[in-house]
Amino acid sequence: NEQTLRVISNIGTPSDVLAAMDVPVGEGFVGYVAKTGKWIYTNDASSHPQHYRQIDQKTGFETRSLLCVPLIFRGEVVGAMQFLNKLDGEFDDLDVERALSIAAAVAIAITNARLFEEAESRKQQLEMLLEQDRGQQITTTPEQMHDPLVEIGRLTKQLNQAGSLNTEQEQILQTIAQTAAQLMEMVTGLEETAVTTPDPEPLYKPCDILDIVTKIVDEFQTEALGKRVALIITAEPDICAVQGDPAQLHQAISELIKTAIQNSDADKRIEISIAGNPDHVQIQIHNNGNETHRADAGFQEKGGESTAVTPTAAQSIAKAHGGQIWRETNNGSGSTLILRLPVNKPATS
């Protein structure tokens, strides 16, 4: 969305000279290419209508011939690359093919660099906020920190999908993801401290459980990436809405998913399935890791009870909504946390 172009790398001209120059989008060869996404070349630059003479005048460089191609990543123009004054003849269509091949790799590298910079900047901002609040009364609310952490998760996911990374980039990305996961865990802890039990009279309204679960999974992607855990959602069609307090249900389901992530081994899947009938909606969070060395996270084994050795906020919320939480083991193939909620508001005595 920028309206000017800046030189980030060049050969043959002092970098400090070009770094101080901005070219408006649409002006000159490079501006035209950045705006239209089309390549262009000429072997008589001085007489071409797209020639941006101000650059030559300021640098003292004489542009005789020029080839400029767009840097495109996933259909979006992220910059332009140009070649000046071909030494052995004139630019031709074969040069265009070669330049476009180079540009594809450069576009990936530039996009990765931008995402790394943005993710690192976000991480540093959050670390500064936490450092300022350390040892003092908490003034930064979990809500203020939540969205930037979700954004870091989005950026790290994009980096994983953007293209191949070298060893150093992979290490940096893993560090960013792990740090963000630790921060998200701290934020979640603040949220749980702020709300440990449900309100006496929850504000009930129809709640789309699939929508709530989808939002929670997005929020926990950063923490999951830090442990190399995949979060998978499946849902039956036409699940009934549940009468409940959306904020409390969000907190309860978040606690269950967080428990599953914390108790998961690396390179595993956590499968979150949603099923229902006219009377109940049931959420199953299956962790397919090895359970032999894990604690039960405080949740009662299968038996229909929603109590536990140490009651949690999730269990208190489930009980207030007329629901149940329990845990089922799967014969060495992991365990499943189950939350069952009635569709209709529970009767009050």
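Residue count for segment 49-66 satisfying the condition of being at pLDDT below 80, in a loop (DSSP other than H, G, I, E, B) and over 17 Å from GLY31 (Cα atoms): 2. Condition (residue is buried (at least 20 other Cβ atoms within 10 Å of the Cβ), within 31 Å of the chain's Cα centre (by Cα) and modelled with pLDDT under 90) applied to segment 329-345: is it met by at least one residue? For segment 329-345, residues buried (at least 20 other Cβ atoms within 10 Å of the Cβ), within 31 Å of the chain's Cα centre (by Cα) and modelled with pLDDT under 90: present. Scanning segment 115-126 for residues that are surrounded by 14 or more Cβ atoms within 10 Å (Cβ to Cβ) and either modelled with pLDDT of 85 or more or of a type outside the set (Phe, Trp, Tyr) (or both) yields a total of 7. Remark: pairs (first residue in segment 91-114, of a type outside the set (D, E, K, R); second residue assigned to a helix (DSSP H, G or I); Cβ separation under 6 Å; 6+ apart in sequence or on different chains) = THR111/ALA162; ASN112/ALA162. Among residues of segment 67-78 being in a strand (DSSP E or B) and not hydrophobic (A, V, I, L, M, F, W, C), the one that is modelled with the highest pLDDT is PRO70. For segment 36-75, a tally of residues being within 40 Å of the chain's Cα centre (by Cα) and either under 20 Å from ASP92 (Cβ atoms) or in contact (Cβ under 8 Å) with a residue 40 or more places away in the chain (or both) returns 12.
There is at least one residue in segment 79-99 that is modelled with pLDDT of 85 or more, of a type in the set (A, V, I, L, M, F, W, C), under 15 Å from GLY37 (Cα atoms) and in a strand (DSSP E or B). Among the residues of segment 204-249, those that are assigned to a strand (DSSP E or B), touching a helix residue (DSSP H, G or I) at 6+ places or on another chain (Cβ under 8 Å) and either touching a residue at least 60 places away in the same chain (Cβ under 8 Å) or farther than 18 Å from ARG269 by Cα (or both) comprise LYS205, CYS207, VAL242.
The values are calculated or read from the model by the stated rules, or taken from the named source; none is laboratory data. Small disclaimer: the values here were computed from a predicted structure and weren't measured. Cβ: placed from backbone, ideal geometry, glycine included. Neighbour counts: every protein chain shown.
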